[in-house]
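Asks: First the structure, then my questions, so here it is.
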Amino acid sequence: MSFLNPFMLFGAGAIAVPIVIHLLNRRRFQRVVWAAMRFVKVSTEKNQRRMLVEDMILLAIRCLMLALLALAVARPAMRSSSHDVFGQSKVSAVIILDNSASMGVSDGVQTRFDKARKVAEQAVDALPSGSAAAVILASDIAKEVIKEPTHDLNLARKTVREAPLSDRATDLFPSIEKALETLKNRSAIRKEIYLITDGQLAGWRQLGDIQKTLKKAKDQTGEQQVATHLVLISDAEERNLGVSGLVLSSGLAPLNRPLRFEAQVANYGKQEVKDIKVSLLVDGTSADEVVIPSIPPGGTRSVPLNTKLRTEGWHNVTARIPADRFPSDDSRTLAVRAIREIRVLMVDGEPGNEPREAETFFLGHALVPVPAEEAEKYYVKTSTITPADLGGTRFDDFDTVVLANVADLSNDTANGLESFVKRGGGLLIFPGAKLNAASYNSQLGSARKMLPATFGEPRGDAGQEEKFLTFQTKGYDHPIVALWNDASAGTLASTRTFRSFELNLLPAAPDDLGGKSSNPTTGVTQTNKAVSFAAPKAILRYSDGSIAMAERALGLGRVVMFASTADTAWNDLAVRPAFVPLLHRTLGTLIQRHDEGANVRVGAQFARRLTADFLHKDAIVMAPGAAANTRDLHRVELVNGTPVLSYDATDKAGIYEVSIADPPTVIKFAVQPDPSESNLSELPVDEVTALGQVAAVQRWNPTLNLREWVEKARVGAEYWLPILILVLALAALETFLAQYFSRAK
Amino acid sequence: MDAATLATLLDPVAISRAESLGMHARYLVEGYMAGEHKSPYHGFAIEFAQHREYAPGDDLRYLDWKVLGRTDRYYIKQFEQETNFVAHILLDGSESMKYGSAGYTKLAYGKMLAACLSYLILHQRDAVALDIFDNETREYLPRSNSHAMIHKVLSKLAAFEPTRQTNIGAILHDMARQIRRRGIAIIISDLFDDEEKIMEGIQHLRFGGSEVVVFHLLDPAELEFKFNGLIEFVGLEAIPNILTRPQEIRASYLAELERFRSTIRSGCEKNHVHFVPVNTAQPLHEVLSGYLAFRLKTSVK
């Protein structure tokens, strides 16, 4: 016997109440002066004994009632091996329904999730009346749809029936922890967790912790004990192909230019797959198609897909393979913004006497890598000026400004550059022999917080050809250089740098928004609030670990700085094949500064900085696959001084369209599934057996009768109801006796 | 004597001390007289004793004409006394008479009754003796038929305050010894005493030749015992306080009371004593006229 509200037993002290009332009442009487005492005396003597007995009976009943009431409120419960005559005790249950993407695997008739929902409904139906149920949708997060167990089981049933499937990855541990936490605060003799999942291996990556936690919960005594029922809905899907990545190889998406996308297709199955048709769709229309001859089990193939974007603005570019039983990973979409042209202003700090000697000679050719006659049509337009012309230049006529070996900057120029960058412009800084490091550090560094790093001491000797630094050879984390993780794209490492400035990365400014890290395999950015959004970052390092390239965001724009020169004075980068892609990708990053975050992983937050015009405007977000009438209204809020539109209900993969009525704007962003979810391999049998030690495990089959199964496991009863009935009976008896005893006799 | 004359005859001091009593008595008596001119007490006074020879100066009204006609002798009819009839009014003045639930006590009611009876009796020139007692005689007015007697009676009654417990039996025995002449003993009491001793006293009175009338006064609360809740009864006489729930012992109490009353009633009947149970909630004139009417009826027969 245990008590679910043991402290309520102190209520038994209430039995003192009738005794005290009795004693107090004996002191509260009416005094009547009376003549006919002899008759009263005789009558009292005759009735004394009877009245005393009656009083004692009533007092005993009242005390007993209160004691029992305290007992009932303390909710005594007993685990027994048989069903109680009063029926099953109430259950506090948490239903964890796996709604990760892998639950979308279909057997041709219904998906795993359809089955899971039915099982979850059965679990609700199997709860004894008076029970309460909470519902958690488990993916890589625990989404508490019904946070506190509700007694409204119809609500729980409806919630389960209408639960949406997400495109998120799986991690069951947070959900199990949440469920245990929810149950911990409940007082019930019986606590149960129903975990309905497909047993995908990826979801059990914290299996050890799960086992430990569940075992601890199971081994608890009394009301802390939690029983877990695990229903595995799996149908050994042996084949699965998925588009595991899609990136735009060229960093920029200029209008009417051939764009190269890299689609990565992975075979998660156990058999080799042949002749896989990979198609590229732009805004839903087929643009390119490539056939991969074969992919071995567990293998990955990347294919280039080419297309052109015909109109300016946002496009959704989808790579698709033929549908299989797991449709969620058969396509992957990017949101790409087509741009008409990019105007680059190059400020040449050392023009030299002839073009070849100019600081920006290589830069100009790398930015416009086409013959002179085609340069007119090329999307990158460059203009070159000298530092002396800086004063009369309107930066807003350009998208990016490149400072190449410019000695120092006037205050006006620095102010102009700051507001240019803050409005969304890009600034690229190359040092050189003329550069006045102290001036830069104070003008752009400490005064305006524009530099990602300060210029330190120059090191190395440009004349000394034997001694040089190379770039890092692997681990290219930054999106600009992530391309070179793939050896087929060439190498950066061959570059030799003879002389360079030491770059000292600056700490993040406190007013920076959010943060971002990147996923090198998919090129998808993922926001992370813990790291500052605009924190200065190293893009590329030298082999000795010092920084070769660094960047930081500022306002809507971005600043990138190099440690060495733009020409071949201090290094040979400018004559390496990697120079052009590096420069273009950098330019792409600078230009698409405010398009970044347009491609996020499922579940990640989409955040977009906007200009002040948009502050407090309402944005309608339309999720992929959502009915036309289910539009989400979000308001552009001020975050750290910048208007930001954020959206984090990115449960479904695909294109999200954001429209703002005034000024009329449409923004698109794409949400991409986690490739880890495509791997449908299941928890090994011996692990399932091990789980059987801490939970009742049942594999789904079409005839599964959950109720019968759980009722066998569910024994024991609470006794507050019979006690309460007894209290009510005593109350009735007391009323009757009190009336009967005090009737006129 | 009419009411106006009586009012002028009453001493102002006595009136002021026993104003309520006197007024009540008068009112009630008048009420009675208005409907019933022929007082039943009238009969008591014609109590013939003996003849004696006429002597000059005797009132010719008392000459026995029948004897004169038969024997030609002058005889005067002689009565017992100046008054033939003495009413001894015994009013219980013990503490138990202090009880009253209707705004007045049993004693007050008894005083009114005594005053009314005194008035009535004196009004017809019969003599009245008043004895207010508890465990012994507290106040006593020797018999008299004078008009001043009513004032004395009223002031005595008005001035009396009870202090002690009762002992009716002993008092009745005393009275029986004192009353030499046959008269009428009117006992006004709640009789809260040993019923056997009371009956013995009554028997003693009856043995002495007195007619006995018992007015048994009981308060309506005593008769009905309608109390609720927890009540402590504070005894007016020696019995210690009792804490009880009266509604639970009511039946038993009423049975006890009835047993007591029936003992008294049957004892009275056995001794040819008029037993008049009086609920003090009843208007006095009703009680009085009821009883007097009953008495008239029985006397005429």
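The values are calculated or read from the model by the stated rules, or taken from the named source; none is laboratory data. This is a predicted model, so every value here is computed, not measured. Cβ sites come from the backbone with ideal geometry, for glycine too, and all protein chains shown count toward neighbours.
Asks: Which residue out of A:Lys218, A:Lys277 is more than 30 Å from A:Ile96 (Cα to Cα), surrounded by fewer than 22 Cβ atoms within 10 Å (Cβ to Cβ) and not polar (S, T, N, Q)?
Replies: Answer to the check: A:Lys277.
One line per residue, one yes/no per condition, for (1) of a type in the set (A, V, I, L, M, F, W, C); (2) touching a strand residue (DSSP E or B) at 6+ places or on another chain (Cβ under 8 Å):
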| residue | (1), (2) |
| --- | --- |
| B:Ser101 | no, no |
| B:Val128 | yes, yes |
| B:Ile132 | yes, yes |
| B:Asn135 | no, no |
| B:Glu139 | no, yes |
| B:Ser146 | no, no |
| B:Gly169 | no, no |
| B:Gln178 | no, no |
| B:Ile187 | yes, yes |
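Asks: Ok, one more. Sort through A:Pro479, A:Pro452, A:Pro431 and tell me the only one that's over 26 Å from A:Ala612 (Cα atoms) and either among the polar types (S, T, N, Q) or at pLDDT 90 or above (or both).
Replies: The unique qualifying residue is A:Pro431.
Asks: Still on this structure, I have one more. What tally of residues in the range A:105-114 results from selecting those that are surrounded by 22 or more Cβ atoms within 10 Å (Cβ to Cβ) and either at positive phi or in contact with a Phe, Trp or Tyr (Cβ under 9 Å, 6 or more places away or on another chain) (or both)?
Replies: Residues flagged as surrounded by 22 or more Cβ atoms within 10 Å (Cβ to Cβ) and either at positive phi or in contact with a Phe, Trp or Tyr (Cβ under 9 Å, 6 or more places away or on another chain) (or both) within the range A:105-114 amount to 2.
Asks: Just for the range B:159-191: of the residues that are closer than 18 Å to B:Val273 by Cα and within 14 Å of another protein chain (Cβ to nearest Cβ), which one is modelled with the lowest pLDDT?
Replies: Taking the candidates together, the pick is B:Ile168.
Asks: Just checking, how many residues over the range B:202-234 are more than 26 Å from the chain's Cα centre (by Cα) and either facing chain A (nearest Cβ under 7 Å) or within 28 Å of B:Glu286 (Cβ to Cβ) (or both)?
Replies: So the count comes out to 9.
Asks: Another question about this same structure. I need every pair where a residue in the range A:16-45 that is under 23 Å from A:Ala67 (Cα atoms) and away from chain B (no Cβ under 11 Å) has its Cβ under 6 Å from the Cβ of a residue that is modelled with pLDDT under 85 and not in a helix (DSSP H, G or I), sequence separation at least 6 or different chains.
Replies: Between residues of the range A:16-45 that are under 23 Å from A:Ala67 (Cα atoms) and away from chain B (no Cβ under 11 Å) and residues that are modelled with pLDDT under 85 and not in a helix (DSSP H, G or I), there is no close pair.
Asks: Give me a count of the residues in the range A:172-186 that are in contact with a helix residue (DSSP H, G or I) (Cβ under 6 Å, 6 or more places away or on another chain) and part of a loop (DSSP other than H, G, I, E, B).
Replies: Looking only at that region, the number is 0.
Every residue, every condition in (1) buried (at least 24 other Cβ atoms within 10 Å of the Cβ); (2) outside the structural domain of B:Gly209 (by TED's automatic domain parsing); (3) touching a Ser or Thr at 6+ places or on another chain (Cβ under 8 Å); (4) not in a helix (DSSP H, G or I), yes or no:
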| position | (1), (2), (3), (4) |
| --- | --- |
| B:Gly57 | no, yes, no, yes |
| B:Lys111 | yes, no, no, no |
| B:Ala115 | yes, no, no, no |
| B:Val128 | yes, no, yes, yes |
| B:Leu141 | no, no, no, yes |
| B:Ser146 | no, no, no, yes |
| B:Val153 | yes, no, yes, no |
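Asks: Tell me, which residue of the range A:124-139 that is farther than 12 Å from A:Thr159 by Cβ and buried (at least 24 other Cβ atoms within 10 Å of the Cβ) is modelled with the highest pLDDT?
Replies: A:Ala138
Asks: Then there's this: Please go through the range A:127-150 and give me each residue that is part of a loop (DSSP other than H, G, I, E, B) and of a type in the set (Asp, Glu), ordered by number.
Replies: A:Asp140 - this is the single residue of the range A:127-150 that is part of a loop (DSSP other than H, G, I, E, B) and of a type in the set (Asp, Glu).
Asks: A further question follows. Testing A:Leu483 on (1) closer than 18 Å to A:Phe579 by Cβ; (2) in a loop (DSSP other than H, G, I, E, B), one condition comes back false. Which one is that?
Replies: (2)
Asks: Sort out which residues of the range B:204-217 are surrounded by fewer than 22 Cβ atoms within 10 Å (Cβ to Cβ) and within 27 Å of B:Leu254 (Cα to Cα), and write them in order of number.
Replies: Once the filter is applied, which keeps residues that are surrounded by fewer than 22 Cβ atoms within 10 Å (Cβ to Cβ) and within 27 Å of B:Leu254 (Cα to Cα), the range B:204-217 yields B:Val213, B:His216.
Asks: Here is a list: B:Ala251, B:Ala281. Which entry is at pLDDT below 90, surrounded by 14 or more Cβ atoms within 10 Å (Cβ to Cβ) and within 14 Å of chain A (Cβ to nearest Cβ)?
Replies: B:Ala251
Asks: Would you check which residues across the range A:292-320 are closer than 30 Å to A:Ser659 by Cα and not in a strand (DSSP E or B) and list them?
Replies: A:Leu309, A:Arg310, A:Thr311, A:Glu312
Asks: Against the definition (within 29 Å of A:Phe741 (Cβ to Cβ) and either at the interface with chain A (Cβ under 9 Å from one of its Cβ atoms) or in a strand (DSSP E or B) (or both)), how does B:Phe275 come out, yes or no?
Replies: no
Asks: Let me ask you something else. Scan the range B:219-243 for residues that are among the polar types (S, T, N, Q) and out of contact with any Gly (no Cβ under 7 Å at 6 or more places or on another chain) and jot them down.
Replies: Once the filter is applied, which keeps residues that are among the polar types (S, T, N, Q) and out of contact with any Gly (no Cβ under 7 Å at 6 or more places or on another chain), the range B:219-243 yields only B:Asn228.
Asks: On to the next question. Could you tell me which of the residues A:Leu207, A:Leu232, A:Leu195 is buried (at least 24 other Cβ atoms within 10 Å of the Cβ), farther than 30 Å from A:Phe7 by Cα and of a type outside the set (Val, Ile, Thr)?
Replies: A:Leu195
Asks: Taking the conditions exactly as written (at pLDDT 85 or above and either within 25 Å of A:Arg168 (Cα to Cα) or acidic (Asp, Glu) (or both)), does A:Gly299 satisfy them or not?
Replies: For A:Gly299, the condition - at pLDDT 85 or above and either within 25 Å of A:Arg168 (Cα to Cα) or acidic (Asp, Glu) (or both) - is met.
Asks: Might you check whether a residue that is in contact (Cβ under 8 Å) with a residue 40 or more places away in the chain, outside any loop (DSSP other than H, G, I, E, B) and under 22 Å from A:Gly203 (Cβ atoms) occurs anywhere in the range A:151-158?
Replies: no
Asks: Mind checking which residues of the range A:313-347 are touching a helix residue (DSSP H, G or I) at 6+ places or on another chain (Cβ under 8 Å) and under 18 Å from A:Val401 (Cβ atoms)?
Replies: Of everything in the range A:313-347, those that are touching a helix residue (DSSP H, G or I) at 6+ places or on another chain (Cβ under 8 Å) and under 18 Å from A:Val401 (Cβ atoms) turn out to be A:Ile339, A:Ile342, A:Arg343, A:Val344, A:Leu345, A:Met346, A:Val347.
Asks: Pairs needed: first member in the range A:204-218, more than 15 Å from A:Glu181 (Cα to Cα); second member anywhere, among the small types (Gly, Ala, Ser) and part of a helix (DSSP H, G or I); C-beta distance under 8 Å; at least 6 residues apart or different chains.
Replies: Correct list of pairs: A:Gln211/A:Ala690.
Asks: May I ask you to say which residue of A:Val282, A:Val317 is within 27 Å of the chain's Cα centre (by Cα) and at pLDDT 85 or above?
Replies: A:Val317
Asks: Scan the range B:289-296 and tell me whether some residue there is within 14 Å of another protein chain (Cβ to nearest Cβ), touching a Pro at 6+ places or on another chain (Cβ under 9 Å) and among the basic types (Lys, Arg).
Replies: No, the range B:289-296 contains no residue that is within 14 Å of another protein chain (Cβ to nearest Cβ), touching a Pro at 6+ places or on another chain (Cβ under 9 Å) and among the basic types (Lys, Arg).
Asks: On to the next question. For A:Ser175, state whether it is touching a residue at least 40 places away in the same chain (Cβ under 8 Å) and not assigned by TED's automatic domain parsing to the domain that holds A:Asn306.
Replies: For A:Ser175, the condition - touching a residue at least 40 places away in the same chain (Cβ under 8 Å) and not assigned by TED's automatic domain parsing to the domain that holds A:Asn306 - is met.
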